[in-house]
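Since the structure comes first, as structure tokens, the remarks are kept for the end.
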Amino acid sequence: MPMKHCHLSDIRSTALFFDELARQLDFPAHFGRNLDALWDILSGDVEGPLDILWEGTLLSQASMGDDYAKLVELLEDVAAERGDMTFKLLP
């Protein structure tokens, strides 16, 4: 399978994060837009290999507060579990 790429930038809210990920990775309509639903989709529904790049993370972190850290931790955990997913953060 070809590599799927998701490029996130200028993410200033959790809602925008979910919107962009869902749009770029073609999430199913039933996606629940919360951490548990994101885990389920990324760990089981989205076929790999998968590369997620999040640029502008200093702005995202300042804008999103605690949600930023929770999303980064989840993406790192999914990448570690899957083995066919890479996740990179760029300031």
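The values are calculated or read from the model by the stated rules, or taken from the named source; none is laboratory data. Keep in mind that this is a model prediction, so the values were computed, not measured. Here the Cβ is made from the backbone with ideal geometry for all residues, glycine too, and neighbour counts use every protein chain on show.
Below, the figures for the structure above:
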read-out: Residues of region 46-64 that turn out to be modelled with pLDDT under 95 and out of contact with any Leu (no Cβ under 9 Å at 6 or more places or on another chain), as a count; value: 2
read-out: So Phe87, is it outside any helix (DSSP H, G or I), out of contact with any Pro (no Cβ under 9 Å at 6 or more places or on another chain) and modelled with pLDDT of 95 or more; value: yes
read-out: Qualifying helices (runs of 4 or more DSSP H) (wholly inside region 8-84; at least 2 residues being in contact (Cβ under 8 Å) with a residue 60 or more places away in the chain and either of a type in the set (Gly, Ala, Ser) or surrounded by 15 or more Cβ atoms within 10 Å (Cβ to Cβ) (or both)); value: none
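Condition check ((1) over 20 Å from Asp66 (Cβ atoms); (2) out of contact with any helix residue (DSSP H, G or I) (no Cβ under 7 Å at 6 or more places or on another chain)) across all residues:
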position	(1), (2)
Met3	yes, yes
Leu16	no, yes
Glu20	no, yes
Trp39	no, no
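Let's see how each residue does on (1) in contact with a strand residue (DSSP E or B) (Cβ under 9 Å, 6 or more places away or on another chain); (2) charged (D, E, K, R):
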site: Phe31; (1), (2): no, no
site: Asp40; (1), (2): no, yes
site: Asp51; (1), (2): yes, yes
site: Glu81; (1), (2): no, yes
site: Phe87; (1), (2): yes, no
